Amino acid sequence: MNLPGAFAKELLKAHKNASMCPPPEMVVKFFNDLLGLLFPEFAVHRCASEKDIEMRLGHLQEEFRNILSQNKECTASAEDGVETKLFFELPSIREALLLDIEAVYMGDPAAKSTAEVIRTYPGFYAIAAHRIAHFLESLNIKLIPRIISEHAHRQTGIDIHPGAKIGTYFCIDHGTGIVIGETTVIGSRVKVYQGVTLGGLSVKKEDARVKRHPTIEDNVVIYAGVTILGGETVIGKNSIIGGNVWLTKSVPANSKIYYRAKMTNAEGETDTITFR
């Protein structure tokens, strides 16, 4: 096919001016390989010795260096030790994920084993992607964390921005349709069901650097279909937010918030139903 000369030149200029970045497939492969090293239930090939572990780690470090070398315009320099910091952090990341796995297993009566959670639960995959992407984001690495989080989003239907801060023992049950915004802060022992949105009241570009998303304190349960919006909205610890609730204001600790529906009966009278 012969393109018009002007259009071909326009495309060539775009290719030359595009920022240097790694192919998404390379980043996704690295993430899956790393997850397989941390959790053999997820691995294609298991390690049989410490030498195997060391070789796998060395290969992953080389993969990561290659990714960073193609992302120089969007990350700190290699001289800052960025390529090694992730690997020093792996014990802490794995420890946090083990608590998440336990939270999902204990929180879902249908889960028969922790191995089932690791192998099959979309919540685990999304949380694992977030734990790794969030740490990379904290190193001021751009783009790569988003590639990881958006891959997990496509795979699971769970959209967690790498910037969100999530505490330990985090449980996602089912998970499809969950959205957790960039400046969300979630405490420990929080459980979230499908269709929950932790979003912003404003979509103005000038608000990009302010806290736009809610804070969820410890031991909160958020049931399906809930929408909680706003950077000043705080859900107090030990609260339960019932399904389909819409919140733009804070609620105190130990609250139980339920959806109240109004229905019209055959006589045209309005009944108010409160779910308790």
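Bear in mind that the values in this text are calculations on the coordinates, not laboratory data. Model, not experiment: these values are computed from the prediction. No Cβ is skipped: glycine too gets one built from the backbone with ideal geometry, and neighbour counts run over all protein chains shown.
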Q: Collect residues whose amide H, placed 1.01 Å from N in the peptide plane, falls under 5 Å from the amide H of Ile160; neighbours closer than 5 in sequence don't count.
A: Ile180
Q: Quick one: check the C-alpha center-to-center distance for segment 39-65 versus segment 217-244, whole angstrom.
A: 39 Å
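Roughly what % of DSSP beta bridges within the chain run antiparallel, to the nearest 5?
Values: 5 of 29 bridges.
Of those bridges, close to 15 percent are antiparallel.
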Q.
Taking the number of other C-beta atoms within 10 Å as the exposure measure, put Arg260, Arg189 in order starting with the fewest.
A. Arg260, Arg189
Q) Could you give the angle, 0 to 90 degrees to the nearest 10, between helix 144-156's Cα long axis and the longest principal axis of the Cα atoms of the chain? A) 50 degrees
Q. Can you sort Cys21, Cys47 by how many other beta carbons sit within 10 Å, fewest first?
A. Cys47, Cys21
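Given a cut-off of 26 Å, name the pairs among Lys51/Lys165; Lys142/Lys165; Lys16/Lys204; Lys205/Lys237 whose C-alpha atoms lie farther apart than that in the structure shown.
Working: Lys51/Lys165 35 Å; Lys142/Lys165 17 Å; Lys16/Lys204 31 Å; Lys205/Lys237 31 Å.
Going by Cα-Cα distance, Lys51/Lys165; Lys16/Lys204; Lys205/Lys237 fall outside the 26 Å limit.
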**Q.** On Cα atoms only, tilt of 24-38 relative to the major axis of the chain in degrees
**A.** 80 degrees
Q: Enumerate the calculated ³J(HN,Hα) couplings along segment 182-189 in order (Karplus 6.51 cos²θ - 1.76 cosθ + 1.60, θ = phi - 60°), each rounded to whole Hz, writing x wherever the residue is Gly or Pro.
A: 4, 9, 5, 10, 10, x, 8, 6
Q: Measure off 7 Å from each Cα along the Cα-to-Cβ vector at Glu50 and Arg209, then give the distance between these two points in nanometres to one decimal.
A: 4.9 nm
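Grab the eigenvalues of the alpha-carbon gyration tensor for the chain, scale each by 5, take roots, and send me the semi-axes largest first in whole angstrom. Walk me through the numbers before you get to the answer.
Working: eigenvalues 285, 138, 62 Å².
One finds semi-axes of 38, 26, 18 Å for the chain.
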Q. Relative contact order, percent, of the chain when contacts are C-alpha pairs under 8 Å separated by at least 6 residues?
A. 10 percent
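Loop-only GluC sites (Glu not before Pro) in segment 196-249, please: DSSP not H, G, I, E or B, and at most 15 other Cβ atoms within 10 Å.
Details: sites: Glu206, Glu217, Glu232; in loops: Glu217, Glu232.
The qualifying sites are Glu232.
With all distinct Cα pairs included, what does the Kirkwood hydrodynamic radius of segment 18-158 come out to in Å, to one decimal, could you say? Mind showing how you got there, number by number?
Working: mean 1/r = 0.0635 Å⁻¹.
Hydrodynamic radius (Kirkwood, Cα pairs) of segment 18-158 is 15.7 Å.
Just rank Val220, Val28, fewest to most, by other beta-carbon atoms within 10 angstrom.
So the residues, fewest neighbours to most, are Val28, Val220.
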Q | Other-chain or far-sequence residues with amide H under 5 Å of Ile166's (modelled H) | A | Ile186
Q.
Using each residue's phi in segment 217-231, evaluate 6.51 cos²θ - 1.76 cosθ + 1.60 at θ = phi - 60° and report the 3J(HN,Hα) Karplus result to the nearest Hz, with x for Gly and Pro.
A. 7, 4, 6, 9, 10, 10, 7, 4, x, 7, 10, 10, 10, x, x
Q) What angle, in degrees between 0 and 90 and rounded to the nearest 10, separates the Cα long axis of helix 122-138 from the longest principal axis of the Cα atoms of the chain? A) 60 degrees
Q. Do the sum for the chain: with -39,500 (n - 2.57) for every DSSP H run of n ≥ 4, divided by all residues, what is the mean residue ellipticity at 222 nm, to the nearest 500 deg cm²/dmol?
A. -13500 deg cm²/dmol
Q | Protection proxy ranking, peptides 51-60, 207-216, average beta carbon neighbours within 10 Å, highest first | A | 207-216, 51-60
Q. Once both labels are modelled 7 Å past Cα along the beta-carbon direction, what's the Asn254-Asn140 spacing in nm?
A. 4.5 nm
Q: Using the Karplus curve 6.51 cos²θ - 1.76 cosθ + 1.60 with θ = phi - 60°, work out ³J(HN,Hα) for each residue of segment 112-117 in order, rounded to whole Hz, and write x for Gly and Pro.
A: 8, 6, 5, 4, 5, 4
